[in-house]
1. Please state which one of A139, A100 is among the small types (G, A, S) and closer than 20 Å to S173 by Cα.
2. Of all the residues that make up the range 93-102, how many are in contact with a strand residue (DSSP E or B) (Cβ under 7 Å, 6 or more places away or on another chain) and open to solvent by 10 Å² or more (accessible area, probe 1.4 Å)?
3. Among (1) over 20 Å from F109 (Cβ atoms); (2) in contact (Cβ under 8 Å) with a residue 40 or more places away in the chain; (3) β-branched (V, I, T), there is one condition T186 misses while meeting the rest; what is its number?
4. Looking at the range 103-135, which of its residues are open to solvent by less than 50 Å² (accessible area, probe 1.4 Å) and aromatic (F, W, Y)?
5. Do you know which residues across the range 102-138 are farther than 14 Å from W72 by Cα, more than 13 Å from the chain's Cα centre (by Cα) and in contact (Cβ under 8 Å) with a residue 60 or more places away in the chain?
6. Scan the range 191-202 and report the pairs whose first residue is modelled with pLDDT of 95 or more and assigned to a loop (DSSP other than H, G, I, E, B) and whose second residue is aromatic (F, W, Y) and crowded, with 17+ Cβ neighbours inside 10 Å, with Cβ atoms within less than 7 Å and a gap of 6+ or a chain change.
Amino acid sequence: MDVADEPMPVRACWLSWLAVATSDQAALVRRLGLTEVRPSTWPEAVNLVDEVAHSREGRFSTVVVTPALNGWTLVFGAWLGLPYLARMDPITKLCEDLSARYGKAQAYFHSEQNDGEAWLIADHGTVLRRWISEFPEAAMGEPFGIERRLLDEFGIPGKPEDLDPDDDEDLASEWAATWGDCWATTVAAEHSLDPTTIGPSTASVGTILVASTP
């Protein structure tokens, strides 16, 4: 790898990504049905992630695929954004299928504009947890790991999707905001990789790619 093109943090106002437990970037690209695949550089690709997130027409048409990073391959783009309702079910099915093949597949959404957080964690073909703060009624599974520990710290013994939004204590809106405690990046750091902390020290094998979605 060119020393001038080392891994770097990926940030965007609205950051949507997929994390798959595989180092086989080429096979994942084929499974996703991506086309017009071309090599890129980290600076170019990171800028494109934010540019695509801000676009209207074509928002769902382009993704960035990282090389293998500590055994994970990440794919960025609004096409993978759980809070976009037209994409929620397809992404859920995609994570089920990919986790059946690779063992683990996860989807995340993080907003630096306080527009919500979302995560979906699938293991060997089964969704263990899906949480979309803007659509709590779409939740699946039981909170676990860092989500469960932080819920306990917030004084929420059950599931956030069961909270009464009209409750006087207002725990529902407080948890949805989480005040930076339980963001998608927090969950990703425990279960795969937090893309905002990728850097030169992150083990990387291969070239970052830009591709068109099916």
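The values are calculated or read from the model by the stated rules, or taken from the named source; none is laboratory data. Computed from a predicted model, the values in this text were never measured in an experiment. Note: ideal-geometry Cβ built from the backbone for every residue, glycine included; neighbour counts use all protein chains shown. What goes into the accessible areas is simple: the full protein's heavy atoms, side chains included, and nothing from ligands, DNA or RNA. Shrake-Rupley method; radii C 1.70, N 1.55, O 1.52, S 1.80 Å.
1. Working: A100 fails: closer than 20 Å to S173 by Cα.
Within the list A139, A100, the selection yields A139.
2. Initial filter on the range 93-102 (in contact with a strand residue (DSSP E or B) (Cβ under 7 Å, 6 or more places away or on another chain)): 95-96, 98-99, 102.
Next cut, open to solvent by 10 Å² or more (accessible area, probe 1.4 Å) only: 96, 102.
Summing the residues that are in contact with a strand residue (DSSP E or B) (Cβ under 7 Å, 6 or more places away or on another chain) and open to solvent by 10 Å² or more (accessible area, probe 1.4 Å) in the range 93-102 gives 2.
3. Tallying (1) over 20 Å from F109 (Cβ atoms); (2) in contact (Cβ under 8 Å) with a residue 40 or more places away in the chain; (3) β-branched (V, I, T), T186 fails exactly one: (1).
4. So the first thing to find is which residues in the range 103-135 are open to solvent by less than 50 Å² (accessible area, probe 1.4 Å), and the list is 103, 105-111, 116-123, 125, 127, 129-133.
Within the range 103-135, Y108, F109, W119, W131 meet the criteria.
5. E112, Q113, N114, D115
6. Note: pairs meeting the criteria are S192/W72; L193/W72.
So that you can scan it fast, the table gives a plain yes or no per residue for (1) open to solvent by 50 Å² or more (accessible area, probe 1.4 Å); (2) touching a residue at least 12 places away in the same chain (Cβ under 8 Å); (3) farther than 17 Å from P214 by Cβ; (4) not in a helix (DSSP H, G or I):
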| residue | (1), (2), (3), (4) |
| --- | --- |
| P7 | no, yes, yes, yes |
| R11 | yes, yes, yes, yes |
| W17 | no, yes, yes, yes |
| V29 | no, yes, no, no |
